[in-house]
Structure formats: structure tokens, C-alpha cells
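The values are calculated or read from the model by the stated rules, or taken from the named source; none is laboratory data. Since this is a predicted model, take the numbers as computed values, not measurements. Don't worry about glycine lacking a Cβ; one is built from the backbone with ideal geometry, like all the others, and counts go over all protein chains shown.
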Amino acid sequence: MPDHQDMAETTNNDNPTETPVVLTVEQDNKPTDTNEEQSVDPKPDEKLAQHESTNMGRFVLPVVALLTFLLSIPFLFEAIWLLYVQQHDCEKLLKSLPGLQIGIAVGLFCVFLVSNVVVYLRARWSLAPGLIVMKIALVLMFVVGLTLRGSFEGETRQIPASPGWFKVEVEDDGNWDNIKSCLYDTKMCRDLMSRSYYPMPTHLSPIEGGCCDPPSICEMEYVNMGYWIKPNETMNTDGQYDKDCDVWQNNETVLCYDCQACKRGFVKTLEGKWVRIGTFLVVMSLLLMIFHLLLFVTTMWEQQKLT
């Protein structure tokens, strides 16, 4: 009997220890289930969206970089043109223009160089310094372009190559005497006479029309390009053309070189060149500014996704 009691007590003592074992196993399984739930992969739709976003970023950045590079190429061509193109006859007599032309050419070359350095090194160092440098250079170029186009007419009489500056320089008697002698030395009126004796030519440059022909309002009778018959009476009209009618002479060395029309023709010719340069600076600086900003945004976006 004692043996049976001992066995019963042993059995009864063992049973309580079995329950904690089961509880322990259940408690150990719960964290395992939680970890399994936390390690579940993202949904397929989310994976696809992330993949498409990455591919789009890899496509957009090279395209923006390529377009930025292509937009910088005209700056190089314009710089070469300004450095090596022959200036208009007698333009060098306005002494500020040759230096200004060289300065703009050097500035364009520097913009081309810095722009492509920024594009090439965009992934190796922060784009912020390059963007700031480019913005400053392009804003200056934009302002210069507006000035050459005459957008600040009241304030640009002291700025070379602006429309107001041209008028002031040409109206100076000392400057015009030199320019007039230079225009005569080019023999443009003599060449015009030799190639168009009769009939009267209809397509003349602003300088040829202003310096080699009398103003049309004078109503002179055409004989040939070097000889016109004045009317018996001087026309009574308002404006500066009255003086031009009196100034005109059939002498080859005089013609209309002292006319206001000749001065306007010279100014118009030079203005045409410098207004085209100003238009180029305004348009191209705006475009390059926009694309450098896009390059900065897309590069930052790509680097943020990689981190």
C-alpha cells in the first residue's frame, strides 16, 4: 500500500508541472507569430509603384542633363561668332563696342564651361553651389540682354550698345565727322552707282538709303544714283527732312553724308546687330536657367530615393 500511495503522490505532483509547460509553449509561439506578421512582404501593387518610380527617375535625369548640355552649345557658337566675326564698317570708331563684344564673348564661353561642369559633376558633389553660380551668371546675362534690346531706355544712355547710347554717340559732331569719313572711305555709294546706273535700285540697306539717296519726301527727280534734280521750291513740311533736302548735294564726296537720314541709317544698322545679340542673351539665359533648376530638382529626387 505505501508503494501505491507513493506512486499516487508522485503522479499527483507531476501533473501540476505539466500545465506550465503548455503555457510556456503557447507564450513562446505568440511572439513568433507576431514577427511573422511584421516580416510580411509589401503588396505587389506597392512593389510595382516603387519600381515604376525608380525607372522614371532613371529616365528623367539623363534626359534633363542631355537637354541642359544641348542648350549650352549655342552659347559656345555665339562666343566664337562674337570673337571672330568681322565688325560692321566703322563700328570700331565707337570705342566701347569692340571691348564690349569681347567681354560678352568671354562671358558666354564661361557660362558654357561652368554649365557643363555642373552637369558632369552633378552626382559627385552637391548641386547647390553650382546652381547658385549659374543663376547669378544667367541673371546678369539676362539683364545685359534686356539692356541691349532697349528695355530700360530712360536709364541706358550711358551703357554702350544700348539704343539710347547709339543716338547720343552719333549726334556728337566729333564722332560723326570720323564716322562720316569712314563711311566715305568704304566707297559704298560709288559701288552703288556703278552697279545700278539705271533704273533706280529699290532694295537698299539703311546706310545706303540714308547716305547715298536724298530723302523721298524731297521729291527729287532721279537721273542716276549720283545725280538728282532738286525741285524749284523747297517743300514746306514739318520735321528734320526739310534740312536734309537742303543738305543733299550731287557731289560724290557730299551726297547725304551730313543728313539726319544717314545718321539714322548708321544707328539702325548697328542697333540691328546688338538687338539680335540682346535677344539671344534673354531667350537662352531663361531657357538654361529653367533647365538647370530642373536638373537640380531631379538630381535631389534621385539621390533621396537612393538613400
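In table form, for the structure just shown:
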| quantity | calculated |
| --- | --- |
| Unique residue being part of a helix (DSSP H, G or I) and farther than 30 Å from residue 302 by Cβ when the list is 76, 138, 131, 83 | 83 |
| Every pair of residues 6+ apart whose Cβ atoms lie under 7 Å, when the first sits in the range 127-147 and is within 21 Å of residue 65 (Cα to Cα) while the second is of a type in the set (Ser, Thr, Tyr) | 127/299; 134/115; 138/285 |
| When residues of the range 121-153 are limited to those that are closer than 17 Å to residue 287 by Cα and at pLDDT below 85, the one farthest from the chain's Cα centre (by Cα) | 130 |
| For residue 198: the one exception among (1) in a helix (DSSP H, G or I); (2) aromatic (Phe, Trp, Tyr); (3) modelled with pLDDT under 85 | (1) |
| Qualifying positions in the range 219-249 - within 10 Å of residue 259 (Cβ to Cβ) and modelled with pLDDT of 75 or more | 243, 244, 245, 246, 247, 248 |
| Condition check for residue 118: within 22 Å of residue 282 (Cβ to Cβ), β-branched (Val, Ile, Thr) and assigned to a helix (DSSP H, G or I) | yes |
| Residues satisfying the stated conditions in the range 99-109, i.e. loosely packed, with under 14 Cβ neighbours inside 10 Å and either touching a helix residue (DSSP H, G or I) at 6+ places or on another chain (Cβ under 8 Å) or in a loop (DSSP other than H, G, I, E, B) (or both) | 102, 106 |
| Residue among 46, 36, 52 that is loosely packed, with under 10 Cβ neighbours inside 10 Å and at pLDDT below 65 | 36 |
